[in-house]
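Chemist: The structure follows.
The values are calculated or read from the model by the stated rules, or taken from the named source; none is laboratory data. Here the structure is a predicted model, which means the values were calculated and not measured. Cβ atoms come from the backbone with ideal geometry, glycine included; neighbour counts cover every protein chain shown.
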Amino acid sequence: MDNPLDLDATISRRDLLLVGAASAAAVKIPPANAAVPAPTPDLPTSLAKVSLNVNGQAHELALDTRTTLLDALREHLLLTGTKKGCDHGQCGACTVIVDGRRINACLTLAVMHPGAQVTTIEGLGNPRKLHPMQAAFVKHDGYQCGYCTPGQICSAVAVLDEIKRGVPSHVSADLTARPLLSAEELRERMSGNICRCGAYSNIIDAITEVAGGAA
Ligand code: FES
Ligand code: FES
């Protein structure tokens, strides 16, 4: 004869399973008013159409929604001038200019920038017609291996624009006055761009020359 204690245990386990299944089902049912994203016609749900204007050229891309702007540039548009260093927002090698502001392209998804104007190192100049910042880096030996250089140059171009627009930095003494073009200001503003070759002082010389010329 069955032990009543065993029967209790069986019922208890069954009840427990039923309760668990009911809870799981309840979790899976979305609330009646939840916004359901409309599926994109013609594309698998993980792809999205993204329009980008890169270096003056319009592009329509079908990208996995998890694609970073950096991978969109390098892997899809084959613009490999922008470098992948840490892929974690810590080195600045992937710096590009988006709608006039410098950003780390590894830290942002391409789908977050529909219609954006993106400038990469390829859009600033070319070997026959260098951008003044590129020419200054060459003149002042602002690089050794060159891996960080595209990001440094994009950042430097954006920094001079920030200073021109009066955007203060953490070392600006007066937040209401136009920032100085001092080495201290430039070092602070360029601090997100790491150079493992240690070309920092030459980079500052290059930026200072361009800043002086532009002032
Ligand atoms: Fe983007 Fe290093 S690769 S910050
Ligand atoms: Fe080599 Fe900067 S030039 S990391």
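Chemist: Which of the residues that make up the stretch 132-172 are surrounded by fewer than 17 Cβ atoms within 10 Å (Cβ to Cβ) and among the small types (Gly, Ala, Ser)?
Modeler: Matches in the stretch 132-172: ALA135, GLY146, GLY166.
Chemist: Next question. Here are some residues: ALA156, ALA116, ALA136, ALA110. Which one is within 16 Å of ligand 2 (Cβ to nearest atom), in contact (Cβ under 8 Å) with a residue 60 or more places away in the chain and aliphatic (A, V, I, L, M)?
Modeler: Exactly one of ALA156, ALA116, ALA136, ALA110 is within 16 Å of ligand 2 (Cβ to nearest atom), in contact (Cβ under 8 Å) with a residue 60 or more places away in the chain and aliphatic (A, V, I, L, M), namely ALA136.
Chemist: Right, here's the next one. I need the full set of residues from the stretch 77-93 which are out of contact with any Gly (no Cβ under 6 Å at 6 or more places or on another chain) and either near ligand 1 (Cβ under 10 Å from one of its atoms) or hydrophobic (A, V, I, L, M, F, W, C) (or both), in order please.
Modeler: Answer for the stretch 77-93, where residues must be out of contact with any Gly (no Cβ under 6 Å at 6 or more places or on another chain) and either near ligand 1 (Cβ under 10 Å from one of its atoms) or hydrophobic (A, V, I, L, M, F, W, C) (or both): LEU77, LEU78, LEU79, THR82, LYS83, LYS84, GLY85, CYS86, ASP87, HIS88, GLY89, GLN90.
Chemist: Considering only residues of the stretch 149-175 that are within 16 Å of ligand 1 (Cβ to nearest atom) and of a type outside the set (A, V, I, L, M, F, W, C), which is nearest to CYS197 (Cα to Cα)?
Modeler: It comes out as THR149.
Chemist: Please name all residue pairs, on different chains or six or more residues apart, with Cβ atoms under 8 Å, provided the first residue is in the stretch 178-202 and is within 18 Å of VAL167 (Cβ to Cβ) and the second residue is within 16 Å of ligand 1 (Cβ to nearest atom) and among the aromatic types (Phe, Trp, Tyr).
Modeler: none
Chemist: If ALA93 satisfies all but one of (1) within 26 Å of HIS59 (Cα to Cα); (2) away from ligand 2 (no atom under 16 Å from the Cβ), what's the number of the condition it fails?
Modeler: The one condition ALA93 does not meet is (2).
Chemist: For the structure I just gave you, tell me whether ARG178 is part of a loop (DSSP other than H, G, I, E, B) and either buried (at least 17 other Cβ atoms within 10 Å of the Cβ) or within 16 Å of ligand 1 (Cβ to nearest atom) (or both).
Modeler: no
Chemist: Here is a follow-up. Run down PRO150, PRO127 and say which single residue is away from ligand 2 (no atom under 16 Å from the Cβ) and under 29 Å from ASN53 (Cα atoms). Reasoning before the result, please.
Modeler: On the way: PRO150 fails: away from ligand 2 (no atom under 16 Å from the Cβ).
On inspection, the qualifying residue turns out to be PRO127.
Chemist: Residues SER172, SER191: which one is in a loop (DSSP other than H, G, I, E, B), closer than 24 Å to LYS83 by Cβ and of a type in the set (S, T, N, Q)?
Modeler: Every option except SER191 fails the conditions.
Chemist: Among (1) surrounded by fewer than 18 Cβ atoms within 10 Å (Cβ to Cβ); (2) within 16 Å of ligand 2 (Cβ to nearest atom); (3) of a type in the set (Lys, Arg), there is one condition LYS83 misses while meeting the rest; what is its number?
Modeler: Every condition holds for LYS83 apart from (1).
Chemist: To continue, here is another question. Within the stretch 185-199, does at least one residue satisfy the condition of being touching a Phe, Trp or Tyr at 6+ places or on another chain (Cβ under 7 Å) and more than 16 Å from ligand 1 (Cβ to nearest atom)?
Modeler: Yes: one or more hits.
Chemist: Given the criteria at pLDDT 95 or above, within 16 Å of ligand 2 (Cβ to nearest atom) and crowded, with 17+ Cβ neighbours inside 10 Å, does ALA105 qualify?
Modeler: no
Chemist: Still on this structure: Can you tell me which of (1) within 16 Å of GLN134 (Cα to Cα); (2) in contact with a strand residue (DSSP E or B) (Cβ under 9 Å, 6 or more places away or on another chain) is the one ILE203 doesn't meet?
Modeler: (2)
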